[in-house]
Amino acid sequence: MRVRVRAMVGVAVSASVALVACGPEKPKEYTGADPSQASAAEAARFAPLVRLAKNESLMPMDATRFTERSVLRFDHDGFCRDEEPVADPVDPLLLGKRTQNPYTHRRLELGKPSSKPVGCPGHGEQQLPTTEAGAGFYLDPPTALHKGEGTGAPVYWEHHKHKTDPTRTAYVYWFFYAYNNMPAVNKHEGDWERVAVQLRDGKPEAVTFAKHGKSQCSVKWSDLDPRGGHPTVYSARGSHASYPTAGYHRVDVAFDRTSKDGVEWQTWNNVRPVDREPWWGYAGWWGPQLHVKGFNGPMGPHPQRQLPGVFTDEPCGGADKPPADPSGEQPAPKTKEGAIQRYEQYLHALGREDIDTVCEVAGPAAKKAQDEGFGPCTSTYSVVFQMISPAQKKALRTATVDPQRVVVRTPEKIEMPVEAVRSSATFTESDLGSYTLEYLKDGWYITD
């Protein structure tokens, strides 16, 4: 099974997160938003100073503008994709509880007639609203939004009450970014991060840090260099995870990095109660679902969401020992799963006509084609993009790979047959082809 990079070009031309250690697991108290005793002035008074990482290129963004520029789609459990979106463009007011008639989509049912290939679920009669948690809706933004807007973006807050101690309350602060970029372990569109300021009798006592896939932990208020009543929180480069200290923080096989000399985000200048936002009540995902851990768009704040450990007293640890590579970049995992993630990255970029990502992943194969007389990658793939139909491009944006059909030749060489691609469109050897990925230096690349 050979790669079709050169063949396609020939036709075209002729064609997580384990972050700061938070101590042992303990039963968590889950709390939800309770606006009954909330104070907008108090929320602004304790809002954090977020220190963005040095050279951060993915800035915070207004979540409402993100919804307005995205397409609303429905996830078919990773199998198929509706050709037409639920809404394009999206009206934020029709996502949540500001309307009596939110966007809806018919529930999926196995065995129902489907216009898609065999194995795709059909649609039942029941209409699911975007306000139902886990219904299957997701926002699909254009790549142009990835860079965000800047430190003028709003911060969203909600008020929580301790379940048994009436003297304890907390303000949860939600930060939104359009893109999360942590290679190898955590990369997706839509990025909600949060911290919580714990109060006792109305006075700040500690700050809770929420960790991807790990227990929450807290730091005493006085240890966070509060300036003018605002605690300092460090945002990791690319992933935007929040930490109480600058330095390196291990996340699975990679590292988050925070720094003291990045741009300041004075969040108190634009704090908004989240329950007043036009999209409040939207319970879907804020990014496409690739059905790969760490690569799915997350859910954001919504009325039914219960948060764990807001009032935790588990202490956060300090920064980790710096990695051998001072840049903080770590090799991608040399595993079958790592190769699949890399190949799916290529497929999604192909569907979006993301020439930079396509030529980065397929660089070695494109170089071979160029050596055989074809043009450089950027020009040849511009032609390849024209060969792919609009329906196929849509399908590629959320295509996944069936691990059972992937062929492992050696630990450093894996083949991806065209039959392994799962999407709402059908692909053949002539229009997509089979690919060989090899592990070179520190990552997977298409070589043939």
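The values are calculated or read from the model by the stated rules, or taken from the named source; none is laboratory data. Owing to the predicted nature of the structure, the values given are computational and were not obtained by experimental measurement. Cβ sites come from the backbone with ideal geometry, for glycine too, and all protein chains shown count toward neighbours. These accessible areas exclude ligands, DNA and RNA; they are computed on the full protein's heavy atoms, side chains included. Shrake-Rupley method; radii C 1.70, N 1.55, O 1.52, S 1.80 Å.
Equivalent-ellipsoid semi-axes for the stretch 74-218 (Cα gyration tensor, √(5λ), whole Å, largest first): 36, 20, 16.
With all pairs of separate Cα atoms included, the chain yields a Kirkwood hydrodynamic radius of 23.3 Å.
Based on Cα contacts under 8 Å between residues 6+ apart, the stretch 99-189 shows a relative contact order of 18 percent.
Can you tell me which of 232-239, 273-280, 163-170 comes out highest on packing, and rank the rest after it, using the mean Cβ neighbours within 10 Å?
Listed from highest to lowest mean packing, they are 232-239, 273-280, 163-170.
Over the stretch 303-448, accessible surface divided per residue gives 45 Å², non-protein components excluded, 1.4 Å probe. Computed on protein heavy atoms with a 1.4 Å probe, the accessible areas place 175, 374 in the order 374, 175, largest first. The slack in the chain from residue 269 to residue 133, taken as 0.36 nm per residue of separation less the alpha-carbon distance, amounts to 45.8 nm. Working note: Debye formula, equal point scatterers on the alpha-carbon atoms of the stretch 299-404, no solvent; log10 I(q)/I(0) at q = 0.19, 0.20 Å⁻¹ is -1.04, -1.08.
Solvent-accessible area of residue 28, all protein chains in place: 80 Å² (probe radius 1.4 Å, heavy atoms, ligands and nucleic acids excluded). Cross-link reach is defined here as a Cα-Cα straight distance under 13 Å, omitting same-chain residues fewer than 8 places apart; for residue 147 the aspartates and glutamates meeting it are 56, 62, 189, 191. For the chain, the share of accessible area belonging to carbon and sulfur comes to 49 percent (1.4 Å probe, ligands and nucleic acids excluded).
At 0.36 nm per residue, and after removing the present C-alpha to C-alpha distance, how many nm does the segment from residue 126 to residue 83 gain when stretched out fully?
Result: 13.5 nm gained on full extension.
Label positions at residue 383 and residue 69, each projected 7 Å from the Cα along the C-beta direction, are separated by 3.3 nm.
Report the label-to-label distance for residue 426 and residue 313 in nanometres (one decimal), using points 7 Å from each Cα along the Cα→Cβ vector. Placing both labels 7 Å beyond Cα along the Cβ direction yields 6.4 nm. Taking only the Cα atoms of the stretch 153-312, the ratio Rg/Rh comes out at 0.94, with Rh defined as the Kirkwood radius. Hey, for a label at residue 34 modelled as a point 7 Å past Cα toward Cβ, could you say which residues of the stretch 179-205 have their backbone N under 20 Å away? 195-205, by backbone N distance to the label point.
Give me the 1.4 Å probe accessible area per residue for the stretch 63-189, excluding ligands and nucleic acids, in Å². Write down the numbers at each step before the final one.
Numbers: 5520 Å² over 127 residues.
Accessible area per residue: 43 Å².
As a rough guide to protection, the peptides 396-402, 51-57 ranked by mean Cβ packing within 10 Å, highest first, stand as 396-402, 51-57. Each label point was placed 7 Å from the Cα along the Cα-to-Cβ direction; for residue 368 and residue 410 their separation is 1.4 nm.
Ordering 432, 440 by accessible surface, largest first, gives 440, 432; the 1.4 Å probe counts only protein heavy atoms, with every chain in place. Take every Cα pair under 8 Å whose residues are at least 6 apart in sequence, average their separation, divide by the length of the stretch 130-248, and the relative contact order is 16 percent. Protection proxy ranking, highest mean first, for peptides 63-74, 32-43, 362-373: 63-74, 362-373, 32-43, where packing is the per-residue count of other beta-carbon atoms within 10 Å, averaged. Put a plus charge on the Cβ of each Lys and Arg, a minus charge on the Cβ of each Asp and Glu, and nothing anywhere else: the dipole of the chain about its Cα centre is then about 360 debye.
Straight-line cross-link partners of residue 112 among the aspartates and glutamates, defined as a Cα under 20 Å from its Cα and at least 8 positions apart when in the same chain: 75, 77, 82, 83, 84, 125.
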